[in-house]
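What follows is a set of notes on a single structure, which appears directly below.
The values are calculated or read from the model by the stated rules, or taken from the named source; none is laboratory data. Because the structure is a prediction, the values reported are computed rather than measured. When we count neighbours, we look across all protein chains shown, and the Cβ atoms used for this are built from the backbone with ideal geometry, even at glycine.
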Amino acid sequence: MATREKRYVIIGNGIAGTTAADTLRKNDPNCSIHLLTNEPYPLYNRVSLPRFLQGVITEQKVMIRDFAWHEQRNIKLVTETLVTGVNTEERVVITDTGEHLPYDALLIASGGWANPLRVPGAEGTKHIYNFVTLDDTKTIIERMLESRTALAYGGSFIAYELCDGFAVRKLHTTWLMRGPYWLRNALDEEGGEVVDNIAKKFGVEVIHNDEIESVLPKDGVPHYVKTKKGREIQADMIGVGLGITLNTQFLKDTSVEIRQGIVVNEYLETNIPGVFAAGDVAEFYDPTIGHHHTMGTWDNAMAHGRIAGANMAGDRKPYIDVPTYTSPLFDVNIAVIGTAEANNPELEMVARREPGEKGNDNYRRLYLRDNRLVGALMIGSPKGRKKLVDLIKNQQLLATSAEREAVLTLK
Ligand SMILES: Cc1cc2nc3c(=O)[nH]c(=O)nc-3n(C[C@H](O)[C@H](O)[C@H](O)COP(=O)(O)OP(=O)(O)OC[C@H]3O[C@@H](n4cnc5c(N)ncnc54)[C@H](O)[C@@H]3O)c2cc1C
């Protein structure tokens, strides 16, 4: 008797979802694959959006896949379609276009959407931007070309990317953040100061420990921003990086377990058989730190996609990796390797700051659990990054100050 082809549905065509679709097709030439997204584009590189924002690369260079790539692999890419519900008992995915797509295995790779600015005066005012999608980037660029002043708001990666983009495009830029320094979940005050100094070199005015109280618009566009401490900051446009909310709303009528993210085991499967999660939206088990967490990095999402795709097709591969986040930071680089969580009480941290190139300082911080390296953060020179990844993979014991010093100065 002929067996029916397997049906796979994937929610989200980011790097996690698209990698999983590719892996499924490689594992099973006959299966049906639906790859769903509310966005209008095939996979593009979110990591490249800051360079597109700065005008360093074109939109074409941001695109990774085209529609033909999906057709050639018989992957049904369904764009501009929002998933509104999932029925895990009947194994059906429901969309806003009224489709009911049956599945044998489902992957949720829906990432997160940016939190908007919610203060008096913001609602209904144009030119207040989030920065997550290609469409966000295009509209920000349009406005940058007609603006003179800009405000970047937030202490996150996204806020500094916005700040960098504004400054490189020669807008008079203010960077306002609520915390005492940038990236307070990973850095310390000294690391924050290294970053401030780099931003200031590019003419950015940096303000800490203050927040937007209200936006004071004129003719429907931003004019001034008022802060809680009474500052008035002029801004023709505002870019906000206030974190993301993971996209799990369509699971509200299911019993899929959600904590910070969608909880998965080491095979990236949820508590509901046949339902997997991958990428930013997944709260996964990380053997290097011995518990679950979420991680918003490209490498992690891609590796998740590969493992989830294989396991949906019947494999049983555990996810073990040391994800790395590297990004330009004004005229230097930043690399985050493994788990760099300053507020994790199980971790111990040591840091070193020393003069680097182009008048900037190099800064390196190590994160240890039970004297073993689990993460590292580097600002400035990325030299020694690969060795650090190996040390984390090998769960290297760094018990003495001499051993730690050797790693802090590793080239
Ligand atoms: C500006 C920017 C710069 C970054 N820079 C770096 C960097 O330098 N290094 C790094 O490692 N990481 C970086 N990141 C993070 C990295 O891009 C993400 O970790 C990664 O793209 C996550 O991939 P994903 O596939 O899990 O989710 P996503 O890329 O978020 O894809 C999820 C897709 O699912 C869609 N979706 C959500 N809900 C639904 C629904 N209900 N129905 C249909 N579709 C839905 C979303 O719209 C989206 O298209 C950056 C992110 C941004 C925004």
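Tabulated values for the structure
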read-out: GLU211 within 26 Å of the chain's Cα centre (by Cα), within 23 Å of LEU176 (Cβ to Cβ), at pLDDT below 95 and of a type in the set (Asp, Glu); value: no
read-out: 2 or more residues aromatic (Phe, Trp, Tyr): qualifying strands (runs of 3 or more DSSP E) within the range 161-261; value: none
read-out: Residue check, THR88 assigned by TED's automatic domain parsing to the domain that holds ILE258, of a type in the set (Val, Ile, Thr), within 11 Å of the ligand (Cβ to nearest atom) and more than 30 Å from GLU211 (Cβ to Cβ); value: no
read-out: Helices (runs of 4 or more DSSP H) contained entirely in the range 38-143, each with at least 2 residues that are within 19 Å of the chain's Cα centre (by Cα); value: 49-54
read-out: Filter result for the condition that a residue is polar (S, T, N, Q), farther than 14 Å from GLY165 by Cβ and out of contact with any Lys or Arg (no Cβ under 6 Å at 6 or more places or on another chain), over SER147, SER110; value: SER110
read-out: Residue list for the range 335-360, restricted to those being in contact (Cβ under 8 Å) with a residue 60 or more places away in the chain and either touching a strand residue (DSSP E or B) at 6+ places or on another chain (Cβ under 9 Å) or closer than 19 Å to ALA20 by Cα (or both); value: VAL336, ALA340, GLU341, ALA342, MET349, ALA351, ARG353, ASN360
read-out: Residue in the range 57-76 that is near the ligand (Cβ under 9 Å from one of its atoms) and either in contact with an Asp or Glu (Cβ under 9 Å, 6 or more places away or on another chain) or of a type in the set (Val, Ile, Thr) (or both) present; value: no
read-out: Given (1) more than 14 Å from the ligand (Cβ to nearest atom); (2) over 18 Å from GLU189 (Cα atoms); (3) in contact (Cβ under 8 Å) with a residue 40 or more places away in the chain, index of the condition VAL332 fails; value: (1)
read-out: The lone exception for PRO273 - which of (1) within 14 Å of the ligand (Cβ to nearest atom); (2) modelled with pLDDT of 95 or more it fails; value: (1)
read-out: First in the range 82-108 and small (Gly, Ala, Ser), second anywhere and in a loop (DSSP other than H, G, I, E, B), Cβ under 6 Å, 6 or more apart; value: ALA105/GLY274
read-out: Residue in the range 188-202 that is among the charged types (D, E, K, R), without any contact (Cβ under 8 Å) to a residue 40 or more places away in the chain and touching an Asp or Glu at 6+ places or on another chain (Cβ under 7 Å) present; value: no
read-out: In the range 239-280, the residues that are more than 20 Å from the chain's Cα centre (by Cα) and of a type in the set (Val, Ile, Thr); value: THR254, VAL256, THR270, ILE272, VAL275
read-out: Selection count, the range 105-137, where residues are more than 23 Å from VAL225 (Cα to Cα) and either exposed (fewer than 15 other Cβ atoms within 10 Å of the Cβ) or more than 15 Å from the ligand (Cβ to nearest atom) (or both); value: 2
